[in-house]
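The values are calculated or read from the model by the stated rules, or taken from the named source; none is laboratory data. Owing to the predicted nature of the structure, the values given are computational and were not obtained by experimental measurement. All Cβ positions, even for glycine, are placed from backbone atoms using ideal geometry, and neighbour counts span all protein chains on display.
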């Protein structure tokens, strides 16, 4: 009889440990929100601006997200097509960019998680401006697998990134390279076999200049600029 009692107690203890393990494994409802200014050159060559928004959960448990500007205007956010639980963002088209800067101040984000809980996050927008790169050029070397990207250095920029598109598909993204880590741009070499697995055709190379809230962690953008050119490979 005493042995049975010990066995029951052992089973209860194991069950409690199992429950504790499950509790520790519970997904946390947490996210981070960011708002920043993007500057581009429109079809007429005029520099225009918009505010870009992102909400990210590293736990992949977001079910919906929305945003409001400092004056209460609603901003539509859409889920990432590949990993919808991880990120939501806005997708302005060129005609929505304006010659005036976005409204500065505190933007508010309402995030709903898979278990039904809603949380509010905020992020502030100040108005540093990173202008699109001037004199961006693309040069294919005699050896067909190399493309050189060159441009005039952008004033006040903290870092650069290169993104390669084919149509609407992003096929390659460079690592962040910062202006305080020599050799400083404005020229980089791209080896095309790292991104042209989509086959021959027209590729768009985007050069993105970045200004961060802090250069200690290079997190939370305040401004970016995008300049792009097409090249046939």
Before we move on, is residue 157 in contact (Cβ under 8 Å) with a residue 40 or more places away in the chain, within 20 Å of residue 40 (Cα to Cα) and within 19 Å of the chain's Cα centre (by Cα)? yes
Report yes if some residue within region 169-189 is assigned to a strand (DSSP E or B) and closer than 30 Å to residue 69 by Cβ; otherwise report no. yes
If you check 145, 180, which single one turns out to be surrounded by fewer than 16 Cβ atoms within 10 Å (Cβ to Cβ), more than 30 Å from residue 81 (Cα to Cα) and in contact with a helix residue (DSSP H, G or I) (Cβ under 7 Å, 6 or more places away or on another chain)? 145
Confirm whether residue 131 is touching a strand residue (DSSP E or B) at 6+ places or on another chain (Cβ under 6 Å), modelled with pLDDT under 95, more than 14 Å from residue 68 (Cβ to Cβ) and part of a strand (DSSP E or B). no
Of all residues making up region 135-154, the number that are over 19 Å from residue 213 (Cβ atoms) and either touching a residue at least 40 places away in the same chain (Cβ under 8 Å) or not in a loop (DSSP other than H, G, I, E, B) (or both): 13
Quick one: count up the residues across region 52-94 that are part of a strand (DSSP E or B) and within 14 Å of residue 110 (Cβ to Cβ). 12
Please verify whether region 61-78 includes one or more residues that are touching a strand residue (DSSP E or B) at 6+ places or on another chain (Cβ under 8 Å), buried (at least 16 other Cβ atoms within 10 Å of the Cβ) and under 30 Å from residue 229 (Cα atoms). yes
